[in-house]
Amino acid sequence: MLKKIFRRKKDESNKKRWILIAIYLATFMTAVETTIVITAANAIANSFGREIPIALLFSSYLFSSALSTPVFSRLANQYGKKPIFIIGLLLFMTGTFLCGISQSFFILVFFRMVQGIGAGGIVPITFSLIGNLFDYESRGRIMGLNNSAWGIASLAAPLLGGLLVENFSWHWVFFINIPVGLITILILLLFYDEEKRPSVSFSYQELGQYLFLITVLFLLLVGIQIIPDHFILGGGVFLFGILVSFILLSYENKVKEPVLPVETLRSSDFLLFNLVTFLMNGAMMGFQVYLPLWMQTQLSLSPSPGGLALLPSSIFFITGSMIAVPLGKHFGTKRLLTFCMGVNGLVFLILGFLPQMTPYFVFLILASFSGFGTGTTVTTSVLSAQALATEKNISTVSGFITLCRNLGQSFMITFFGIVFQLFGKSTFSIDGYQGVFFSALFVVLLSTLMVLLKKDSQE
């Protein structure tokens, strides 16, 4: 009898390890895609013409991911994480392959949206699985381990992307993820034995809720996308999206089965941690996208060293993620977040004043501080928000957290694109890159102010 119990526990432990490997590979795949496309962005712009809106290459991916995340999260709660995870992986790989064979910029953007839809079925489920498999004490370590996938991707992807772009073409940067995705699916099929879920009948009411939510997100994201060219129209669409979002929240509070975690949304701490996630992930995009571009265009560096400048950021991002929980216990969540965001703010302030001929090692130092500050901040805010979820709605909550992250990245990459164009074409004393860095500083300061105003109930 005891042998059977120990054997069962050993089997469960082995399966848990394999599921962690699948989570890690899925995270690695999405991380590589983000990092390697950043490295190839300048080559893509040169291929299709410098006048193309290169920011659309990133915002389209984040846009579609944000739209699909809440839907996939809800479907995972109803139909199981395993099938939705696999569907997300298949969509992501399909979009990746089609991006690689694209011969038009706008076709490329379209297939980036397919990638984004797939990512909407990957990222929130990885968060949810970590929340299901591990207690709060272990999640910081596991989250840090999982975030190391971003570090390894940032190690390999810029170098590999630079070599592929310099020796072949940018098309090849999209093909390397396909084997990783296939291995991940194989692991899930072999080792993930999800508990059978009760059969769920189709509900037209729930379909209407999904469509309502997607409409709100679509209005918000389209509004900010068209603001650069049509300020009044874009602003009007965005404000209308905000109005409709309040109507949606009012409706979700009345229905029996909401598609949003309305119970958890009533927590002011939950809202705060998600706002921090929104803003800090957005600020991070300003650093990760525009620093390599600045080094390539202003310092005339090749894609490889430009992308590798992000390496220290990744290493210290991992470090910050892994020690976020013990640091939070020692110093308190509020003080830790304030300090780490202050570090990020100082980095952006320095970047805004750096001269064109700044030595390369200075960027490596700044990247180190930025990585530590961002890794600690994001991990602390995500885990703090997830800790407020219930067993019943953890997938939905994880999806909402992912949605906030994606929305922050999508909004901010578009916002930074507007700032870049504005200062790049104007007679202001600062250029487009400085404008982006100072704008990111403002975002960080806003996030810091909200944390400072937070009551100390969760310390």
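Read-outs: derived from the displayed coordinates by stated rules, not from any lab. Everything numeric in this text was worked out from a predicted model, so none of it was measured. Here the Cβ positions follow ideal geometry from the backbone for every residue, glycine too, while neighbour counts run over all protein chains shown.
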Subject >> Cβ-Cβ FRET estimate between Glu166 and Leu422, R0 fixed at 35 Å, reported to 0.05 >> reply: 0.65
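Quick one: order His330, His171 by neighbouring beta-carbon count within 10 Å, fewest to most.
Details: His330 10, His171 19.
So the ranking, lowest neighbour count to highest, is His330, His171.
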Original post:
With each pseudo-label sitting 7 Å past Cα toward Cβ, what's the Gln78-Val255 distance in nm, one decimal?
Top reply: 0.9 nm
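For a footprinting-style exposure proxy, rank Arg335, Arg112 by other Cβ within 10 Å, fewest first. Please list the in-between numbers first.
Numbers: Arg335 15, Arg112 27.
Placing the least packed residue first, the sequence is Arg335, Arg112.
For segment 145-194, compute the orientation-averaged projected area of the C-alpha convex hull (one quarter of its surface), in nm². Write out the running numbers ahead of the final one.
Values: hull surface 17.5 nm².
Computing the convex hull of the Cα atoms and averaging its projections yields 4.4 nm².
Tell me the net charge near Asn406. Cut-off is 15 Å between Cβ atoms, Asn406 excluded, with +1 for each Lys or Arg and -1 for each Asp or Glu. Present the calculation step by step, with values, prior to reporting the outcome.
On the way: positive: Arg112, Arg405; negative: Glu33.
Result for the neighbourhood of Asn406: +1.
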Original post:
Using alpha-carbon positions, what is the distance between the centroids of segment 23-84 and segment 281-301, in Å?
Top reply: 18 Å
**OP:** Please arrange Phe339, Phe238, Phe63 by counting, for each residue, the other beta carbons lying within 10 Å of its beta carbon, fewest first.
**Re:** Phe339, Phe238, Phe63
Original post:
Between Ile232 and Arg335, what is the FRET efficiency for a Förster distance of 60 Å, r being their Cβ-Cβ separation, to the nearest 0.05?
Top reply: 0.90
